[in-house]
Amino acid sequence: MISLFRLASTIFLSAFLLFQVQPMMGRYILPWFGGTPAVWSTCLLFFQFALLAGYLYAHLLGSLRSPRMQAGIHIALLAASFVFLPVTPTQPASDANPTWRILLLLGATVGAPYFLLSATAPLLQRWFTFSQPGRTPWRLYALSNFGSFLALMSYPFAVEPFVLLRTQTWIWSGLYAVFAVLCIAQAISSPGSNREAASVKPAAPAGITILFWLGLSATGSTLLLATTNLITQDIAVSPFLWIAPLSIYLLTFVLAFESDRWYPRLAFAIAAGILAPASCAIINAGVGVPILAQLGVHLATLFATCMLCQGELRQSKPEPEHLTTFYLTIAAGGALGGVFVALIAPHIYTEFSEYPVGLSAACLLGLTGWARTGAFKQWTGRNFAIRIPLMALLFGGITAIVAAALGETHQGLLVKRNFYGILRVTETADENGSRRELTHGRIKHGSQYLDEPLRDRATSYYGPHSGVGLAINALPEGPRRIAVVGLGTGTIAAWGRPGDSIRFYEINPIVPEIATTWFSYLTSSKARTEVVLGDARVQLARELAEGHSQDYDLIAVDAFSSDAIPVHLLTAESADLYRKRLAPGGLLLFHISNRTLNLEPIARALARHLDWSAAQVLAKDDRKTGEDASNWVLLTDNLKLLREATQPADTVGWLYPDRAPILWTDDFSSLWHVLKF
């Protein structure tokens, strides 16, 4: 006889560990692959395929005739998985495609435990169904999703801010050992004791029904990843922001499968039909919309459309005897959605068009769900309870797909998309004449005037009033050795003089091509310029190991991913690396301009960690020089040089002097304390 408490505890703990490990692993490997949103999308792709593999294993194992064989196989695999503990990853080599390196790394580190955790809920529910005929397993599925939801919600608030990363892996591994013991006890006591009790087997679900399940689950997964890409490209790549969409996604499973009362079809059909076009309009509106409004609309749309998908899944669920087929189809759809967003979309779209495509699919599949239950037969002139939701879904589906089509008819000289995001070259004009701009996402990454004599002028965030411009000009006479983390248009090269050397570190292979084809700062610089491809921190450390130390007079960290600086470039360990590469008395600069994050406490903490002096230069927009407002923080142990660099500045000071310094490390960083809202 199954112990219901032990059964529920095992399912809950497995689901909790299943989703606690996702942000933990993502947080661990993020610095190794450039800190981009695509790292998390690739992680999700791995976890979706591991989930699919676990569900397939549960389906096949549960189909074996011998309960004893089922238990024996599962116990053996659980015991073998202890070899993978603790789940602490090791940094891989950096000479292969990032996507495949991430997938292989996760597979080698956490693949086996995650596979077995994934199989737990469907397998134990199947055993429960055969052991307790007539009892519904769907609330156990809701319990499983609640455990996952709780794991995600607890990570940014109770785990990430307080527990070191390596400690997290050890705690997780210990809890996994507890889970394995519980699951072994469950396997010994429960498989299929009344397997032959039901004399009449329910018919297997029809092929068209399975395709409907597949479409709904693939659409939900697409919306999850596409929404995550949208909100992380403009804020920061951090588990704090990854978790919001994933938590909402899981919450919709909890609500939909806990009870029918949480899915009022009419309300969610109307909400999805209204919010889908609203989200598309928000994207087109761009940075003019406040970030809180953007987040609110996108997350509300994710909730409404995923509730629509999960609610229709619940409406069309099979008899409990076919639950593993149902779960397997849902997992397969999730994997298909992940493949579409992470692997296919970057090659077929130049914009994030997978997002409106997913919105359109959700509305049209919701419309299909209503049609499957005979809604169109009830369409009458006065039956508004049918007409309004159907019209809303049709409106949402059509407008979203039109938005996707219009988004691909982009304006500009060049649009390129790859693993690291979307880069766009456009041509505009101001009172000084025509100029070209490079944007990553929605954020400018440099501009250049096209006509002489302004062609060689340093503009945007790098002009004569900027912190980096003042710092370079303050360096002593003679050959200057400068390192820049982040290439953009290569504008800093405009400050080069004969004899200078300027080395740019750039992770995105498309950027150097754009900087040398559409802009001329690199090719026309008086200094010797060089571009090193790869993550800056990894490359700086590699060069240090080869004997390159104290070889720069100035290091400028300007590695944006849209409006976000990768966290791993702002940790104490990265600051120690910069110090080793700087000559005595050199300058370390951080560009901390940001709409959503207050990075001043981080910069001041790094200065304290290095025992250096620091000052912030605040530059304003200046149409005459083509400069944009910028915040640069200068750190050095050379107080005389710092004073010389900041003396000509219009504004020097801290905007938030009362905020206590916050030191980030590779084992600890949290956005919670640096958000501006």
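The values are calculated or read from the model by the stated rules, or taken from the named source; none is laboratory data. Model, not experiment: these values are computed from the prediction. Because the Cβ atoms are built from the backbone with ideal geometry, glycine has one as well, and the counts that use them run over all protein chains shown.
For this structure, a couple of remarks:
- Candidates PHE19, PHE82, PHE46, filtered to the one that is in a helix (DSSP H, G or I), surrounded by fewer than 17 Cβ atoms within 10 Å (Cβ to Cβ) and either in contact with a Pro (Cβ under 7 Å, 6 or more places away or on another chain) or not assigned by TED's automatic domain parsing to the domain that holds SER221 (or both): PHE82
- Each residue in the range 344-382 was checked for being charged (D, E, K, R), under 19 Å from LEU266 (Cβ atoms) and either touching a Lys or Arg at 6+ places or on another chain (Cβ under 6 Å) or surrounded by 12 or more Cβ atoms within 10 Å (Cβ to Cβ) (or both), and 1 pass.
- Filtering PRO476, PRO464 for residues that are in the same structural domain as ARG537 (by TED's automatic domain parsing) and either assigned to a helix (DSSP H, G or I) or within 19 Å of GLY626 (Cα to Cα) (or both) leaves a single hit, PRO464.
- Screening the candidates ALA158, ALA112 for the property of being assigned to a helix (DSSP H, G or I), surrounded by fewer than 21 Cβ atoms within 10 Å (Cβ to Cβ) and without any contact (Cβ under 8 Å) to a residue 24 or more places away in the chain yields one hit, ALA158.
- Residue that is modelled with the lowest pLDDT, among those in the range 471-513 that are surrounded by fewer than 23 Cβ atoms within 10 Å (Cβ to Cβ) and of a type in the set (A, V, I, L, M, F, W, C): ILE510
- Scanning the range 111-165 for residues that are within 21 Å of the chain's Cα centre (by Cα) and charged (D, E, K, R) returns a single hit, GLU160.
- Count - residues of the range 623-663 that are among the charged types (D, E, K, R), surrounded by 16 or more Cβ atoms within 10 Å (Cβ to Cβ) and out of contact with any helix residue (DSSP H, G or I) (no Cβ under 7 Å at 6 or more places or on another chain): 3
- Residue in the range 531-545 that is within 27 Å of ALA38 (Cα to Cα), touching a helix residue (DSSP H, G or I) at 6+ places or on another chain (Cβ under 9 Å) and in a loop (DSSP other than H, G, I, E, B) present: yes
- When residues in the range 514-534 are screened for being in contact with a Gly (Cβ under 7 Å, 6 or more places away or on another chain) and exposed (fewer than 14 other Cβ atoms within 10 Å of the Cβ), 0 of them pass.
- Of all residues in the range 362-391, those that are closer than 25 Å to LEU302 by Cα, assigned to a helix (DSSP H, G or I) and of a type in the set (S, T, N, Q) total 1.
- Subset of the range 26-43 [out of contact with any Leu (no Cβ under 6 Å at 6 or more places or on another chain) and of a type in the set (A, V, I, L, M, F, W, C)]: ILE29, LEU30, TRP32, PHE33, ALA38, TRP40, CYS43
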